[in-house]
1. To the nearest 100 Å², how much accessible surface do chains D and C hide from each other in total, with a 1.4 Å probe?
2. Give the separation of the Cα centroids, the stretch B:128-165 to the stretch D:157-199, in Å.
3. How high is the relative contact order of chain B, in percent, with contacts defined as C-alpha pairs under 8 Å that are six or more residues apart?
4. Say R0 is 25 Å: what FRET efficiency, to the nearest 0.05, do A:Lys199 and B:Asp108 get from their beta-carbon distance?
5. With a Cα-only, solvent-free Debye model of the stretch A:2-200, what are the log10 I(q)/I(0) values at q = 0.08, 0.11, 0.12 Å⁻¹?
6. So if I place +1 on the C-beta of Lys and Arg and -1 on the C-beta of Asp and Glu, and nothing else carries charge, what would the dipole magnitude of the stretch B:138-185 be about its Cα centre? I want it in debye, nearest 20.
7. How large is the accessible surface per residue of the protein assembly as shown, computed with a 1.4 Å probe and reported in Å² as a whole number?
8. Identify the GluC sites (Glu not before Pro) of the stretch C:142-205 meeting these criteria: DSSP loop state and at most 13 other C-beta atoms within 10 Å of the C-beta.
There are 4 protein chains.
Amino acid sequence: MPEKQVPSTIKDEALVSKRRNQMIKGAVTLFIEKGFHKTTTREIAKASGFSIGTLYEYIRKKEDVLFLVCDSIYQRVKERMEDAIDPHQTSVQSLTHAIRSYFQLMDDMQDEVLVMYQEVKSLSRDAQDYVLQKERDMVAMLEQVIVNSLPGEHPEEEIKLIANNIFVQGQMWGFRRWILQRTFTIESYTDTQIQLLLKGLDKEETLQ
Amino acid sequence: MPEKQVPSTIKDEALVSKRRNQMIKGAVTLFIEKGFHKTTTREIAKASGFSIGTLYEYIRKKEDVLFLVCDSIYQRVKERMEDAIDPHQTSVQSLTHAIRSYFQLMDDMQDEVLVMYQEVKSLSRDAQDYVLQKERDMVAMLEQVIVNSLPGEHPEEEIKLIANNIFVQGQMWGFRRWILQRTFTIESYTDTQIQLLLKGLDKEETLQ
Amino acid sequence: MPEKQVPSTIKDEALVSKRRNQMIKGAVTLFIEKGFHKTTTREIAKASGFSIGTLYEYIRKKEDVLFLVCDSIYQRVKERMEDAIDPHQTSVQSLTHAIRSYFQLMDDMQDEVLVMYQEVKSLSRDAQDYVLQKERDMVAMLEQVIVNSLPGEHPEEEIKLIANNIFVQGQMWGFRRWILQRTFTIESYTDTQIQLLLKGLDKEETLQ
Amino acid sequence: MPEKQVPSTIKDEALVSKRRNQMIKGAVTLFIEKGFHKTTTREIAKASGFSIGTLYEYIRKKEDVLFLVCDSIYQRVKERMEDAIDPHQTSVQSLTHAIRSYFQLMDDMQDEVLVMYQEVKSLSRDAQDYVLQKERDMVAMLEQVIVNSLPGEHPEEEIKLIANNIFVQGQMWGFRRWILQRTFTIESYTDTQIQLLLKGLDKEETLQ
DNA sequence: TATGAATGAGCGTTCATTCAT
DNA sequence: AATGAATGAACGCTCATTCAT
């Protein structure tokens, strides 16, 4: 898919994939450290293990690197979410399990998520739409789990809002870390959020 | 206070205030449009209505403009929050009123808040701390209202988390606008969030 | 004389004199510290005790300040040389006395002389000529003393060269201070130079 | 050695050398004409035959150009002095030969030496020390020749002073050219200085 | 396919100078 | 006579991008 969006002059697709993975790995660290704008293409090339000339054989513009990075982050998030969620399960446990998995994931990928939050606006309109769609897909996955897990009638809007709340609360753990991680561990944070949510849904649950 | 942090070569303090307001007004629009990094100092000067030379009589570095913008946003938010919150009131209504006011405010200042979210990381460490503190102050205000308004015992952690949730949900209205504002108006968004919150707190309330 | 070369918009000549003395005093310190080019007009104004606007009432261009400074340095040097030299005396002592006075003067005004050496080239052609003339006058004074003091025939060229050597050796004490002042004090430096000179002139003298 | 002090982003060392020579050649002319401060980096680039971007591939800061120029001047001076001086010769002729060579050199490199005199102070402390050391080395070479050439006892201080005098008299030919070159040719200047020196040292010598 | 030297538009910033008050 | 806010040309420097090898 990213190959569709970011053309390369190199024909060998396996090589393109390999080089781009090097690039993403190198770039993500730099973007976390100093942000997209303050990272130079030379630094990216160096961190990727090849020359500036080679870098430009695999991308057209610096922005492409950012796109590749964002895309790869969402890819990884999506894969792990799909592993964690079983769409056929209908118990409340399946919801709490999904939340736990997602929050844990957000804890693991704090830095990456923070980068995405701060840098997507540097993408072109098209690329932003592409990334936004991935986000929508993820929220839709959460909506699905909620619908499956909650007995009783719930207006669609409420479902949507809960999904969005969960989604943002996961991210918030990372980008408000300076405030939250003084008071909570990822476990206590997860527990308390689930508790608040389920109280609101008139559910009892034995935590854990 | 910002005068303490951002020195100017101009002596007339009233003039400094006036020019800086011009600057903030001009810069915010540009930052919203194209981000801090892609906005040039010349553009800021032009949008502010004076020359590049004059701009630099009122700041030392480009970053100072960003700081002034962030500071002014928080200033305005804080002022409006203080107007909206009565610390002596103890009813649930005072909480819902605070939330309504805050969400309305976030609706009014969507663009500004978005800018802050995406650009604070471009500030120096010191300036970031300064801004972070303002944020902490605001969350503390929300905590206070929650403590005052909720009968019954609530662990401190729970209070903290609810305050953070409300704070982020307000901002989320702005920075997830492309998703949320398809489904909600600011009113329906506010109502649904309050409903979810109060359900969780085992309170009944006639909305509005 | 400098009033001829550096016009002022102010009529009151006494005031012009006073202000310019303030200026020279302030500027010389700055030039010694950081050089002419790295000193700003604002700094000069501040060090002079008045505003940038006032500064420009007494000069036309920044370069004028440098001229005034150079002129004042030469003025002071010339005055002290004239005090030290008696054109009617004809003994060898009168030569050694002149050298001693001049070297002492160069020791006192090391910094000023260094500044002049490094910055005259920043003056306009005209101003450089004016300063150069002052230098020629000084060398001529030394020539006069030499002619008066030395018995026997000496070709004019030799006199000229000796005068130039003395002149430069005086300055060298200041601008080669890092090397010379490790080995010599101003007194030992003076003694040794005089000794070398007089040996060459087949003269005996009881040093001081 | 200068490669140690002035890093370049270009890897090909031969190319670095070539480009830097272009740079030095271009810059020296400009510095002579208008001084270091009034010469712009774009002018240097143009005079060197490449673009401003390329210039900065071979230096880090404008000051580096000045350092390279100073370094190259001293390098050339040193090389020619080493050719001219035979440390095993012990006759007076070896001293006069050294002086003649050195003065001739100073005549050839008048402009360069003038530039150095006026601009070293614009170098950083470190670079100034480096250049000063080269100067000390040169003076030491002269001291050596003097010690070797002069029979009889001479206090160390006297040797040092003579070496310094010769050193500065060489430079003086260039930086006081407007005065000296009216009266002398380089040959007559050299002869007269040698004559004065040897008289002082109670030596007879057939000039030439 | 890989390299890295070359380019130059464009940036942030400074500061001599002016002029209305 | 004195002030200082305003100006903008010009500076040093960076870095994304290209292209000959």
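The values are calculated or read from the model by the stated rules, or taken from the named source; none is laboratory data. In this text, all values refer to a predicted model and were calculated from it rather than measured experimentally. A quick note on method: Cβ atoms are made from the backbone with ideal geometry, for glycine too, and the neighbour counts reach across all protein chains shown. These accessible areas exclude ligands, DNA and RNA; they are computed on the full protein's heavy atoms, side chains included. Shrake-Rupley method; radii C 1.70, N 1.55, O 1.52, S 1.80 Å.
1. Protein heavy atoms only, the D-C interface buries about 3700 Å².
2. With the stretch B:128-165 and the stretch D:157-199 each reduced to a Cα centre, they are spaced 83 Å.
3. So the answer I get is 21 percent.
4. So the FRET efficiency works out to roughly 0.20.
5. With no solvent term, the Cα-only Debye profile gives -0.32, -0.58, -0.67.
6. The dipole magnitude comes to about 520 debye.
7. Ligands and nucleic acids excluded, the result is 47 Å² per residue.
8. Hits after loop and neighbour filter: C:Glu153, C:Glu204.
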